[in-house]
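To start, the structure itself, in structure tokens.
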Amino acid sequence: MSQTSRKANAITSPFVGIGDSIKVRGKLALLGWASVAEWARAHGYDQQIVRWTIAQWGNRTDRRPHGGLSRQVLRDLRATLDQQKTPAMHEAELAAAMGEELSQV
């Protein structure tokens, strides 16, 4: 494959990587998350699953993860990074969701 073809494929790829583990950890730290493990606990994921998903799929732009759990982790991570959600914003969203559930009961 020629270099221009590779560049064209990289540009037209519908998937955007979130970065390697160091970049993801840095982006989360800038938002106020103490660690990837803290982000994982706050979102209900095992920290090993999150670390593995970032390592395997963080820089991939050619395809989506095969497993549903990896897709969910990347979706939530991407939402946190794109919407710049801090831990306080996440807690507020959880509290609002719990309030809605309690009012419906």
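The values are calculated or read from the model by the stated rules, or taken from the named source; none is laboratory data. Keep in mind that what you see is a predicted model, and the values were worked out from it rather than measured. Because the Cβ atoms are built from the backbone with ideal geometry, glycine has one as well, and the counts that use them run over all protein chains shown. Quick note on the areas: whole protein, heavy atoms, side chains included, nothing else; ligands and nucleic acids left out. Shrake-Rupley method; radii C 1.70, N 1.55, O 1.52, S 1.80 Å.
Quick notes on this one:
- Filter result for the condition that a residue is surrounded by fewer than 16 Cβ atoms within 10 Å (Cβ to Cβ) and either touching a residue at least 40 places away in the same chain (Cβ under 8 Å) or among the acidic types (D, E) (or both), over R60, R71, R75, R41: R60
- Selected residue [modelled with pLDDT under 95 and assigned to a loop (DSSP other than H, G, I, E, B)] from R60, R75: R60
- Selection count, the stretch 48-57, where residues are touching an Asp or Glu at 6+ places or on another chain (Cβ under 9 Å) and open to solvent by 30 Å² or more (accessible area, probe 1.4 Å): 1
- Failed item in (1) loosely packed, with under 13 Cβ neighbours inside 10 Å; (2) at pLDDT 95 or above, with I11 passing the rest: (2)
- Of all residues making up the stretch 14-38, the number that are open to solvent by 90 Å² or more (accessible area, probe 1.4 Å) and modelled with pLDDT under 90: 2
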